[in-house]
Amino acid sequence: MTLPRTAMDRDDEDDVEKALLSAMAAEARAYISSFSWCPDIRRIELTFGVGGVVALFLVDFVSAIGGEDDRLWVVVGDIPSAYMVVDGQRPGPALENYCDLMEDWAAAVLSGSLAQAEVFPVAAAATRQNAEDLLRRVASLRSDFVPLAGMD
């Protein structure tokens with residue numbers, strides 16, 4: 001696991017934050033490794049994180065998945081975990097993409113069309129309450145954290 005200087009090695013980062021982000025890195029590794037198609041992991045780099053809330057990792061693989069993608073974004077936290085293809089994105093746009101994926105799932109649940117929808121599979125019961133809770137959480141991510149991650 002690689003945690004960049006800007007996030008983990010700064011003198012002003014406290015031990016609690018470091019421990020939370022390290023635990024989230026382990027969670028990201030376990031999440032992506034749970035898929036049968038996941039190749040061996042070369043490294044996991046924290047690109048943005050707020051301990052215990054949300055963390056975005058860039059996962060580099062030893063070999064490409066299906067001959068195409070040799071790295072993926074992985075999001076973990078107090079939100080549903082997800083992975084996304086890296087298309088030259090920076091952390092801010094990657095978190096925006098995550099928000100879009102979660103909103104698509106919630107909209108499909110609320111409209112009753114989840115079975116027919118082509119949305120990212122969220123590991124949560126497809127209930128109105130879960131969809132509404134996720135939409136509130138995504139709104140918070142967009143307003144409070146995406147700007148911190150940077151949109152350039």
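Quick notes on this structure:
- One residue from 41, 32 being touching a Cys at 6+ places or on another chain (Cβ under 8 Å) and either under 30 Å from residue 67 (Cβ atoms) or modelled with pLDDT of 95 or more (or both): 32
- Tabulated pairs, the range 26-40, first closer than 11 Å to residue 74 by Cβ, second of a type in the set (Gly, Ala, Ser) and not in a helix (DSSP H, G or I), C-beta under 9 angstrom, 6+ apart or interchain: 27/55; 27/77; 27/81; 28/55; 28/81; 31/81; 31/82; 32/81
- Tally, over the range 1-28, of residues that are among the acidic types (Asp, Glu) and at pLDDT below 50: 0
- Residue match in the range 86-94 (condition: hydrophobic (A, V, I, L, M, F, W, C) and under 30 Å from residue 15 (Cβ atoms)): yes
- Any hit, the range 85-101, residues being in a strand (DSSP E or B) and not charged (D, E, K, R): yes
- Tabulated pairs, the range 50-74, first among the hydroxyl-bearing types (Ser, Thr, Tyr), second at pLDDT 95 or above, C-beta under 6 angstrom, 6+ apart or interchain: 63/39
- If the condition is being in contact with a helix residue (DSSP H, G or I) (Cβ under 6 Å, 6 or more places away or on another chain), in a helix (DSSP H, G or I) and under 25 Å from residue 52 (Cβ atoms), then the range 104-145 contributes 106, 131, 134, 135, 138, 141, 142.
- The range 99-152, subset free of Cβ contacts under 8 Å to residues at least 24 places away in the same chain and basic (Lys, Arg), residue farthest from residue 89 (Cα to Cα): 128
The values are calculated or read from the model by the stated rules, or taken from the named source; none is laboratory data. Quick caveat: nothing in here was measured; it's all calculated off a predicted structure. Note: ideal-geometry Cβ built from the backbone for every residue, glycine included; neighbour counts use all protein chains shown.
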